[in-house]
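**Student:** For reference, the structure I am asking about is given below.
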Amino acid sequence: MATELIPKLPKDVRLQSVSEWSIPIERGGVKSVTGEHSISVVGPGPRAKTHWALAKQAGVRTMAKTQFNNTWEISAVPYIPVPNLIARHCDGLRREGVSGLQVSWTLGGYPSPNLEVAKEYYYSPEPKEENVLTRVARRRYGAKAAPGIVKAWSEFSRAFEEFPYGVAIYNIPTQHGPANLLRLKPTGIRMSMLLFPQDDYLHWCRHYPPEVVADQFTKMAKLWRVGLAEFERALEEVPASRRAAAEEDLAIAETCPIHFRSVANQIRFYVWRDRAPSNGQREALHGILRDEIGLARRLYAVARRHSVIAYEATNHYYYRPLDLLEKIVQCEHLLGKVTA
């Protein structure tokens, strides 16, 4: 229908397409196709390109609908610090010759290096990714810190490309991280949108095997920690006048792997919970509960210092610091209840 409609559009309108739809990907050995906004899958994709080509032939200007700060892949942070992926996407859009961008939705309006990178591409004729990232890092963190920050961004971007796209991004507890409570007995309650993941882990994973989803989130968290170490070292070189903003950016960067690791924990907890009782099951559940306690404690300290963590405009707070304390208490209670 779009192929028939586009040539008939008035010449004073613009055709806007979601940039990254219909891109085939494979992660963890599982194939999928994008059908929702994604930062981990870099556009533009074949659907948008086809529609834009038809529009250009008809003399209609084109726009790209994107989300450059964050997506439902993880919306608990104001932005996902992966400017390399944004730069690659912007370069692709520049090559397609789109005349305008929509760069956020209800989530993702917070000032960020991602939006600064997009601005560089929008107003510069032929920018290079490396130069763009360096300029943004120097403006935001100072000349001495910039090289380390750029290294950190590169590692974050590499990690995020492991996101198992195709999971139920609206329902899997990536937004809640360790604040999501664990259920020792199956509830039988289906997940429902963003605020109520329940223990419906099989539906979280969609066509992915649960073990693969857990492995991918674990892989993301490990790779991300490499970039986090680079960021922490670079922070020492940030001038005092920019230190407060840089510390908030560090908090945002630190929150992401905590959430990723917690999602892996939660899936593995339910996989083990639903197995026949054994000594191995008890040990596995105990290990996961202890790790969740540690993640909740770390995130509690971050969320106490930075109110931007876990806030999203349409859902308000996914959790507040006290919710993380509740998770700690609950996990300690479950440690006493898990028996062979």
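**Student:** Just to be sure, is Glu155 outside any loop (DSSP other than H, G, I, E, B) and at pLDDT below 95? I'd like the intermediate steps shown before the answer.
**Tutor:** Working: outside any loop (DSSP other than H, G, I, E, B): yes; at pLDDT below 95: no.
Answer is no for this residue.
**Student:** Right, next: For segment 119-145: of the residues being within 23 Å of the chain's Cα centre (by Cα), within 20 Å of Ala245 (Cα to Cα) and not β-branched (Val, Ile, Thr), which is surrounded by the fewest Cβ atoms within 10 Å (Cβ to Cβ)?
**Tutor:** Lys119
**Student:** Suppose we filter segment 216-259 for residues that are part of a helix (DSSP H, G or I) and more than 18 Å from Val308 (Cα to Cα); how many remain?
**Tutor:** Summing the residues that are part of a helix (DSSP H, G or I) and more than 18 Å from Val308 (Cα to Cα) in segment 216-259 gives 22.
The rows are residues; the columns are (1) more than 17 Å from Ile74 (Cα to Cα); (2) without any contact (Cβ under 8 Å) to a residue 40 or more places away in the chain; (3) in contact with a Phe, Trp or Tyr (Cβ under 9 Å, 6 or more places away or on another chain); (4) crowded, with 18+ Cβ neighbours inside 10 Å.
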| site | (1), (2), (3), (4) |
| --- | --- |
| Met220 | no, no, yes, yes |
| Arg243 | yes, yes, no, no |
| Ala246 | yes, no, yes, yes |
| Cys256 | no, no, yes, yes |
| Ala264 | no, no, yes, yes |
| Ile267 | no, no, yes, yes |
| Trp272 | yes, yes, no, yes |
| Ser278 | yes, no, no, no |
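**Student:** Now, a different point. In segment 153-209, how many residues are of a type in the set (S, T, N, Q) and in contact with a strand residue (DSSP E or B) (Cβ under 9 Å, 6 or more places away or on another chain)?
**Tutor:** Residues of segment 153-209 of a type in the set (S, T, N, Q): 154, 157, 171, 174-175, 180, 187, 192, 198.
Next, only the ones that are in contact with a strand residue (DSSP E or B) (Cβ under 9 Å, 6 or more places away or on another chain) stay: 171, 174-175, 198.
Residues flagged as of a type in the set (S, T, N, Q) and in contact with a strand residue (DSSP E or B) (Cβ under 9 Å, 6 or more places away or on another chain) within segment 153-209 amount to 4.
**Student:** Determine whether segment 283-293 contains at least one residue that is outside any helix (DSSP H, G or I), surrounded by 16 or more Cβ atoms within 10 Å (Cβ to Cβ) and over 21 Å from the mean Cα position of the chain (by Cα).
**Tutor:** The answer is no; no qualifying residue exists.
**Student:** Mind checking which residues of segment 301-340 are more than 16 Å from Thr255 (Cβ to Cβ) and of a type in the set (A, V, I, L, M)?
**Tutor:** Ala313, Leu322, Leu325, Ile328, Val329, Leu334, Leu335, Val338, Ala340
**Student:** Where in segment 72-143 are there helices (runs of 4 or more DSSP H), lying fully within it, with 2 or more residues that are among the polar types (S, T, N, Q) and farther than 19 Å from Cys256 by Cβ?
**Tutor:** 129-141
**Student:** Does segment 263-272 contain at least one residue that is within 26 Å of Gly28 (Cβ to Cβ), outside any helix (DSSP H, G or I) and either under 21 Å from the mean Cα position of the chain (by Cα) or not small (Gly, Ala, Ser) (or both)? If you could, list the steps in order and put the result at the bottom.
**Tutor:** The first filter runs over segment 263-272 and keeps only residues within 26 Å of Gly28 (Cβ to Cβ), leaving 263-272.
Adding the requirement that they be outside any helix (DSSP H, G or I) leaves none.
No, segment 263-272 has no match at all.
**Student:** Within segment 51-71, can you find the residues that are crowded, with 24+ Cβ neighbours inside 10 Å, part of a helix (DSSP H, G or I) and out of contact with any strand residue (DSSP E or B) (no Cβ under 8 Å at 6 or more places or on another chain)?
**Tutor:** If the condition is that a residue be crowded, with 24+ Cβ neighbours inside 10 Å, part of a helix (DSSP H, G or I) and out of contact with any strand residue (DSSP E or B) (no Cβ under 8 Å at 6 or more places or on another chain), then no residue fits.
**Student:** Under 7 Å between Cβ atoms, which residue pairs at least 6 apart in sequence (or on different chains) link something in segment 126-138 that is free of Cβ contacts under 8 Å to residues at least 40 places away in the same chain with a partner that is acidic (Asp, Glu) and assigned to a helix (DSSP H, G or I)?
**Tutor:** Close Cβ pairs (under 7 Å, with a partner that is acidic (Asp, Glu) and assigned to a helix (DSSP H, G or I)) amount to Pro127/Glu120; Arg135/Glu120.
**Student:** Which condition breaks for Lys337 when tested against (1) within 19 Å of Val213 (Cα to Cα); (2) at pLDDT below 95; (3) among the basic types (Lys, Arg)?
**Tutor:** In the conditions (1) within 19 Å of Val213 (Cα to Cα); (2) at pLDDT below 95; (3) among the basic types (Lys, Arg), Lys337 misses (1) alone.
The values are calculated or read from the model by the stated rules, or taken from the named source; none is laboratory data. Since we're looking at a predicted model, the values are computed, not measured. Methodologically, a virtual Cβ is constructed for each residue, glycine included, from the backbone with ideal geometry; neighbour enumeration extends over all protein chains shown.
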